[in-house]
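A.B. asks: One structure is given below, represented as structure tokens, and several questions about it will come after.
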């Protein structure tokens, strides 16, 4: 019981300090600015963006791809690590689930921002053509939202029951809410049975659904004829990219939460070490697919392919390309191969670079291809030969990122970031095995 | 001195006259100057079909050709120096009008069996009056298709109805009806021989709906006879086969014709996954109840 | 005495001349004013309407000068199902590159006929040169109305569709503006209405049908060449075909094996065989409906078209 009290004290959700309030207010301000910009876009049309007939997709789409990729962290951490029996994952699973849920919800919202006629949203359901990759996207995203939510909720039930008890005295209304959400959890054998069976089903389902989600996202590009998109490599390429983006985001958020909530006892250097090794694995896989995507086409390039590779290697997009590849991929691999590199602070910095590089990588996937179509760009204003997002696009995109962070913040504020019941169970297990060992 | 004075007075008078006359003219010119119209008319006779006049009225206003719409025209038949009114018509929005004769008997030819028509425009506030004469003799084209030594031909004879005389040395055009513009069979102009006939071989492999082709033998805008057209139906075409994929299940068809594997497989996947999700949600309710 | 008399006479004459001149001039002036006053038309202005002139500029016109006409389009549209198209037809176009001199009359006619007010025309004449050693030529390009259209395949809401007669159209009332069709088209022939199109009131009281594209254009949707079904239904050729002064465009029904440029009518198969017709990017497998005749034995030198060439403009902006 004593250890349980300590657990509760450390892990129960706490009120926001000054920093927390400032952080939340900042996010809300960014979101409001974005909403105003979006309303302006609805009134004036997408002419307020810098997208035109050639650069017909811009950062709305690359932002969308980024969110979809980041949401893969749920599948990886929770399901894959679970099925491979990596028990060290316990302290980080909830954070991973929260990030995944926030990312996939924002993916759904972001793609609607790119639609020029959101008033005709229902057409996507009434007149849906299943031959279209967009329809596949419309199906898979809600599916993944549902599964991510269930993956967060089922393991949460025991913790909600604990919190109901914990807050009964000081915060009765909060306690009542926790109680309602805990669905009468009493820890009975029957309930535990249903819960563990369900979690096992979800874990098994979310891996293929997660893989399908990333693949369909890739197929939005590879079902066209365009150079740079029409690649047989794109499906696995996006999956590996999601692996990297997801874990990078996880590492970054874990470090921040650990610092703010002082959870050094629970998320130790050991965990960072393991996460670091996982990130290296992800980056190596992604590097392999990058080589297949960029280096090998350079070997026998058609003229169109050569134009595409040149803009990336030595042309207009070269600085960005090399930042993303070296800074976001090769550097992490090198640093994380050393034990010192897998300490918390370097991990955080690497995680941050990986996330930023992941966002700009998707920009490099979407924009350059659109600016070298098969037929020359003629008969349109000079500005249409280039693309850089407008103020509206930046404001709206920042708002979506802020909204994702806000969802994470709110969930972190009200939910135990580290599963309390599970940690308690694991500690009990540990005590038992120690006792047995001694005897 | 006096001479100079007189001279000045005369100059003054002349000057004044000049000014007065110009002002008179400009006064006169304030009345609207009427524009000229151009009347174009074509007499067209379809064998065993309509006989009509195709009238087009245009005017050149401010250096641009415009169509004159909504004006009234009267058609007269000139017989023995008498003008008999045949009918009236009004031009449509495109400045055109089609005046159909109930039959050729409604108008009378003169002694030389030439028909003389006048289209008269009485004029209005904007346009001057105008008239156009149309002179023609009645002629028939008898056309048919024949097959000789397994080659198809169009044969046509030009006959003057007056004495049933054969008209030679006229340019006929043989064409097959197509959308937008007809396709010529043989040369564009084929001259009738001394028997007033032409014989044109039809090239192979002309497609037609159900193999039916509609040929036309046309005497186009001749000076003496106007335009005469004979229509010949011949089932000697290659039947058209509809090759469109509209009725097939393809990747680009509307949703009611999706390919079967896309209908079955994805739906199977979706239903099984969502079936499991619903089962999981029911599990949540089970937990609540237990 | 005599001098005085002379002087006074001179003065008298002087004044007299001046006075009569003034009188005459004044008389003319008065008469002009009087006639203009009497010749003024007695019209009552009942408000103004904004219209578009034939060169694409917006003007304001008195409403009484506008005459109501009965457009046959509504009745004629009911003659056939717009999504199915004309039966027993397959429309094709043949573009003779040997005759094209970049006169751009086709583009102007298409822009006017479809009330195109954006920055991107639906029909563009490209300055093409595959490599430095091969000949440059002018290539008019518009929607190819492919038989295996990539754009139709990817549309999530069936807003762009392929008809039985081969024509691919856009339903601007269903389009959600996702622009996937534009991403999928390898010929870059689709344009997007990023803002409310400035078409004025040209399309008052006309019921929208997909077979007259641009009438009106809709904000946030895709537009492209429609092969002019609104002309075909009147048995007339598309705007570009009629407007070309060099007879570059041939249009017709592939099933009838006949195409015409308005003056010359030819058998399609023979034309393609004799002049080695080909299709753009045949290797992609899109099966376009537009054939090109190679620029052999050019009637006019390629350089003649260079002064009309505008790299950054394809529509007239008022």
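A.B. asks: Could you work out how far the C-alpha centroid of segment A:1-56 sits from that of segment A:354-423, in angstrom?
C.D. replies: Result: 14 Å between the Cα centres.
A.B. asks: What are the principal axis extents of the Cα atoms in segment A:174-254, in Å, biggest first?
C.D. replies: 58, 27, 19
A.B. asks: Now for a separate question. How high is the relative contact order of chain A, in percent, with contacts defined as C-alpha pairs under 8 Å that are six or more residues apart? Write down the numbers at each step before the final one.
C.D. replies: Numbers: 539 pairs, mean separation 141.9, N = 439.
The value is 32 percent.
A.B. asks: Using 1/(1 + (r/R0)^6) with R0 = 30 angstrom and r between the beta carbons of residue B:267 and residue A:414, what's the FRET efficiency to the nearest 0.05?
C.D. replies: Details: r = 38 Å, r/R0 = 1.27.
With R0 = 30 Å, the Cβ-Cβ based efficiency is 0.20.
A.B. asks: Right, another one. How far is helix B:2-29 tilted, in degrees, relative to the longest principal axis of the Cα atoms in chain B, given as a value from 0 to 90 rounded to the nearest 10?
C.D. replies: The helix B:2-29 is inclined about 30 degrees to chain B.
A.B. asks: Give the calculated FRET efficiency between residue A:337 and residue A:12 to the nearest 0.05, with a Förster radius of 35 Å applied to their Cβ-Cβ distance.
C.D. replies: On the way: r = 38 Å, r/R0 = 1.08.
Given R0 = 35 Å and the Cβ-Cβ separation, E is 0.40.
A.B. asks: Using the 10 angstrom Cβ neighbour count as an exposure proxy, how do C:182, A:347 rank, fewest first? Mind dumping the intermediate values first?
C.D. replies: Numbers: C:182 22, A:347 26.
Listing C:182, A:347 from fewest to most nearby Cβ atoms yields C:182, A:347.
A.B. asks: Please tell me the relative contact order of segment A:189-296 in percent, rounded to the nearest whole number, where contacts are Cα pairs under 8 Å and at least six residues apart. Walk me through the numbers before you get to the answer.
C.D. replies: Details: 57 pairs, mean separation 28.9, N = 108.
Rounded, it is 27 percent for segment A:189-296.
A.B. asks: How far apart, in nm, are the 7 Å Cα→Cβ label points at residue B:177 and residue B:111?
C.D. replies: Once both label points are built, they end up 4.3 nm from each other.
A.B. asks: So, one more: Taking every pair of alpha-carbon atoms in segment A:1-123, what share in percent sits in each 5 Å bin, from 0 to the bin with the longest distance?
C.D. replies: With a bin width of 5 Å, the distribution comes to 2, 9, 11, 14, 16, 14, 11, 9, 6, 4, 2, 1, 0, 0.
A.B. asks: Round to the nearest 10 and give me the degree value, 0 to 90, for the angle of helix A:234-261's Cα axis relative to the longest principal axis of chain A.
C.D. replies: Once rounded, the angle reads 40 degrees.
A.B. asks: Rounded to the nearest Å, what's the spacing between the alpha carbon centres of segment A:174-229 and segment A:282-312? Just the number, please.
C.D. replies: Measuring centre to centre over Cα atoms gives 34 Å.
A.B. asks: Compute the distance from the alpha-carbon center of segment A:88-111 to that of segment C:185-255, in whole Å.
C.D. replies: Cα centroid of segment A:88-111 versus Cα centroid of segment C:185-255: 47 Å apart.
A.B. asks: If Rh is defined by the Kirkwood formula over all Cα pairs and Rg also comes from Cα, what ratio Rg/Rh do you get for segment A:294-375?
C.D. replies: Values: Rg = 15.5 Å, Rh = 14.1 Å.
Reported Rg/Rh (Cα atoms, Kirkwood Rh): 1.10.
A.B. asks: Given contacts defined as C-alpha pairs under 8 Å and at least six residues apart, what's the relative contact order of chain B, whole-number percent?
C.D. replies: Details: 529 pairs, mean separation 36.9, N = 290.
About 13 percent, as a whole number.
A.B. asks: Let me ask something additional. Write down the Å³ per residue value for the convex hull defined by the alpha carbon atoms of segment B:37-136.
C.D. replies: Details: hull volume 10.5 nm³, N = 100.
Value for segment B:37-136: 105 Å³ per residue.
A.B. asks: Where does the protein assembly as shown land on Rg/Rh, using Cα atoms and the Kirkwood Rh?
C.D. replies: Ratio of gyration radius to Kirkwood radius: 1.15.
A.B. asks: Once R0 is set to 45 Å, what does the formula 1/(1 + (r/R0)^6) return for the Cβ-Cβ distance between residue C:82 and residue C:133, expressed as a FRET efficiency to the nearest 0.05? Write down the numbers at each step before the final one.
C.D. replies: Details: r = 47 Å, r/R0 = 1.05.
E between residue C:82 and residue C:133, to the nearest 0.05, is 0.40.
A.B. asks: Taking a quarter of the surface of the Cα convex hull of chain A, what do you get in nm²?
C.D. replies: Values: hull surface 97.9 nm².
Reported value for the Cα convex hull: 24.5 nm².
A.B. asks: Cut-off is 10 Å between beta-carbons; in what order do B:96, C:256 appear when sorted fewest neighbours first? Let's see the in-between values first.
C.D. replies: Values: B:96 16, C:256 25.
Going from least to most buried by this count: B:96, C:256.
A.B. asks: Using Cα atoms only, what is the angle between the long axis of helix B:260-289 and the major principal axis of chain B, expressed in degrees (0 to 90) to the nearest 10?
C.D. replies: Between the helix axis and the principal axis of chain B, the angle is about 60 degrees.
A.B. asks: Using only the alpha-carbon atoms, what does segment C:129-229 span along each of its principal axes? Please give whole angstrom values in decreasing order.
C.D. replies: Cα spread of segment C:129-229 along its principal axes, largest to smallest: 54, 30, 26 Å.
A.B. asks: Grab the DSSP H runs of chain B that are 4 residues or longer, score each as -39,500 (n - 2.57), total them, divide by all residues and round the 222 nm result to the nearest 500 deg cm²/dmol.
C.D. replies: Numbers: 2 runs with 58 residues, N = 290.
The helix contribution divided over chain B gives -7000 deg cm²/dmol.
A.B. asks: Quick check on chain A: helices-only [θ] at 222 nm, where DSSP H runs of length 4 and up contribute -39,500 (n - 2.57) each and the sum goes over total residues. Nearest 500, please. Can you show the working numbers first?
C.D. replies: Working: 17 runs with 302 residues, N = 439.
Mean residue ellipticity, 222 nm, calculated: -23000 deg cm²/dmol.
Every number here is computed from the coordinates shown, using simple stated rules; none is lab data. Just so we're clear, the structure is a prediction, and the values are computed from it rather than from any experiment. Neighbour counts are summed over all protein chains in view; Cβ atoms, including those assigned to glycine, are modelled from backbone coordinates with ideal geometry.
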